[in-house]
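Q: Handing you this structure, nothing more for now.
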Ligand SMILES: *Cc1c(COP(=O)(O)O)cnc(C)c1O
């Protein structure tokens, strides 16, 4: 027997012939010669390997070009792009957390298109400070004496620990040694910041006396961490902010509170459960409070630090601050976001996070009814489609034990014909990928975050459901 594979090898076109073939001219027009050459080389190499392993390979130029196109579209899927979040988690860390208000989007575009006064004082014509815009706004909104911003809240916590407690001890209640998804765990953050964590109390109960016992000449500060993504229920006790502040004042050390998902509004005013605010924490006597920009605040990824002038000045003087500072996009987005908070009466309309949190079930239901009818048609004979009541959650560690009643679409595969993972994948493969969740064998699309259904329904004809 001869070796048919080897003759196939000889039939593979050279890269030049491939690039000059009529089939590739359109690809080159769309994606550029350099990109096509790169992908073509990869494609030819994998075909060579396949042939050597005895595979049957179509060496026709048109076939190779179609392979190249497939590869390029797959690579494009690897780029960051918008998706429709119907997971029911409003602030989904994997899906980019908060959706920003139009005002912030416009502000970002403005500073991207042109030069901006990021560090330039228009009044004096001299060098300015990039945090100044935000510092004034935050101080006005929170009543804090001083404020600064960094890249995210994890960075804020590290900067504080590294500045105020390097080489020293920081007592933290055992009930607050949180992990916020993978890489942010209080014990690790402590050691990476150069501090010694002193665990205090027990998991469910920590008392004032536990902290008092932990104090010594090496104690740099007390840190209180908001139990963002879990609740401890039952036989519990913790020391409230005022008591902690009193203890700290006696020893002349600062009380630092990591609020996680701080909000600048009183959520109870909107019929939502209470969530601690930076204003409240400062009032109770905290010397420094930190929170995220992209959680309940509803803005860009950022870590916002408020507190007394002396300590904030120390943070700003740490060289680490320079490494953790925000860029102009973040500052523009955050600054315009904070302006919205000056008009509390407009917040429920303009701030997407709040708007989605308080959106009424009836409003969602009105939007869902026609979608259910459309999807019933699309899935005829393959799956049952139904309007269902479901529960949304805020996510990102805000109000972990509180669910918000919502309405969604449940797609339940008819036995064995289609499987639920394939349905989820089909929605993910749409031009604007739709992300839902699989629950009890159904694919569930919680529609609380779906505000404009036209885009969603317009692409349903492209849904490819494989049997
Ligand atoms: C979310 C959270 C963090 C981390 O904030 P990022 O902005 O994601 O860096 C830190 N601490 C607490 C208590 C949190 O909830």
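The values are calculated or read from the model by the stated rules, or taken from the named source; none is laboratory data. Because the structure is a prediction, the values reported are computed rather than measured. Cβ: placed from backbone, ideal geometry, glycine included. Neighbour counts: every protein chain shown.
Q: So, in region 201-223, of the ones that are part of a strand (DSSP E or B) and more than 11 Å from residue 247 (Cβ to Cβ), which residue ends up modelled with the lowest pLDDT?
A: This residue is 205.
Q: Within region 144-162, restricting attention to residues that are in a loop (DSSP other than H, G, I, E, B) and under 19 Å from residue 332 (Cα atoms), which residue is farthest from the ligand (Cβ to nearest atom)?
A: 151
Q: Would you please name the residue that is modelled with the lowest pLDDT, looking only at residues in region 163-194 that are away from the ligand (no atom under 15 Å from the Cβ) and under 24 Å from residue 326 (Cβ atoms)?
A: Ranking the qualifying residues of region 163-194, first place goes to 194.
Q: Of the residues 121, 114, which single one is without any contact (Cβ under 8 Å) to a residue 60 or more places away in the chain and within 13 Å of residue 329 (Cα to Cα)?
A: After ruling out the rest, the residue left standing is 114.
Q: Within region 32-42, restricting attention to residues that are at negative phi and under 35 Å from the mean Cα position of the chain (by Cα), which residue is surrounded by the most Cβ atoms within 10 Å (Cβ to Cβ)?
A: 36
Q: Looking at residue 283 and the list (1) within 11 Å of the ligand (Cβ to nearest atom); (2) closer than 17 Å to residue 140 by Cβ, which single condition is not satisfied?
A: Looking at each condition in turn, residue 283 falls short on (1).
Q: If you don't mind, there's one more thing I want to ask. Take the residues in region 295-318 that are more than 19 Å from the chain's Cα centre (by Cα) and farther than 18 Å from residue 279 by Cβ, then tell me which one is nearest to the ligand (Cβ to nearest atom).
A: Restricting to residues being more than 19 Å from the chain's Cα centre (by Cα) and farther than 18 Å from residue 279 by Cβ, the top hit is 315.
Q: Right, another one. Test each condition in (1) loosely packed, with under 15 Cβ neighbours inside 10 Å; (2) under 27 Å from the mean Cα position of the chain (by Cα); (3) away from the ligand (no atom under 16 Å from the Cβ); (4) without any contact (Cβ under 8 Å) to a residue 40 or more places away in the chain for residue 94 and report the one that comes out false.
A: With respect to (1) loosely packed, with under 15 Cβ neighbours inside 10 Å; (2) under 27 Å from the mean Cα position of the chain (by Cα); (3) away from the ligand (no atom under 16 Å from the Cβ); (4) without any contact (Cβ under 8 Å) to a residue 40 or more places away in the chain, residue 94 is out only on (3).
Q: A follow-up question, please. Looking only at region 388-407, which residues are on the phi > 0 side of the Ramachandran plot and either assigned to a strand (DSSP E or B) or in contact with a helix residue (DSSP H, G or I) (Cβ under 6 Å, 6 or more places away or on another chain) (or both)?
A: Answer for region 388-407, where residues must be on the phi > 0 side of the Ramachandran plot and either assigned to a strand (DSSP E or B) or in contact with a helix residue (DSSP H, G or I) (Cβ under 6 Å, 6 or more places away or on another chain) (or both): 395, 396, 399.
Q: Do we have any residue at all in region 113-125 that's part of a helix (DSSP H, G or I) and either away from the ligand (no atom under 16 Å from the Cβ) or not assigned by TED's automatic domain parsing to the domain that holds residue 285 (or both)?
A: yes
Q: Right, something else. Identify, by number, the condition in (1) within 16 Å of the ligand (Cβ to nearest atom); (2) surrounded by fewer than 12 Cβ atoms within 10 Å (Cβ to Cβ) that residue 77 doesn't meet.
A: (1)
Q: Related question: Does at least one position in region 127-143 carry a residue that is surrounded by 18 or more Cβ atoms within 10 Å (Cβ to Cβ), at pLDDT 95 or above and within 12 Å of the ligand (Cβ to nearest atom)?
A: Taking every residue of region 127-143 in turn, none turns out to be surrounded by 18 or more Cβ atoms within 10 Å (Cβ to Cβ), at pLDDT 95 or above and within 12 Å of the ligand (Cβ to nearest atom).
Q: Here is a follow-up. Just give me the residues in region 411-433 being surrounded by 22 or more Cβ atoms within 10 Å (Cβ to Cβ) and assigned to a strand (DSSP E or B), in sequence order.
A: The one that is surrounded by 22 or more Cβ atoms within 10 Å (Cβ to Cβ) and assigned to a strand (DSSP E or B): 411.
Q: Ok, one more. Is it the case that residue 241 is touching a residue at least 12 places away in the same chain (Cβ under 8 Å), surrounded by 13 or more Cβ atoms within 10 Å (Cβ to Cβ), within 16 Å of the ligand (Cβ to nearest atom) and over 30 Å from residue 94 (Cα atoms)?
A: When the stated conditions are applied, residue 241 passes them.
Q: I would also like to ask the following. Give me the residue from region 245-271 that is within 16 Å of the ligand (Cβ to nearest atom) and in contact with a strand residue (DSSP E or B) (Cβ under 6 Å, 6 or more places away or on another chain) and, out of that set, modelled with the lowest pLDDT.
A: 262
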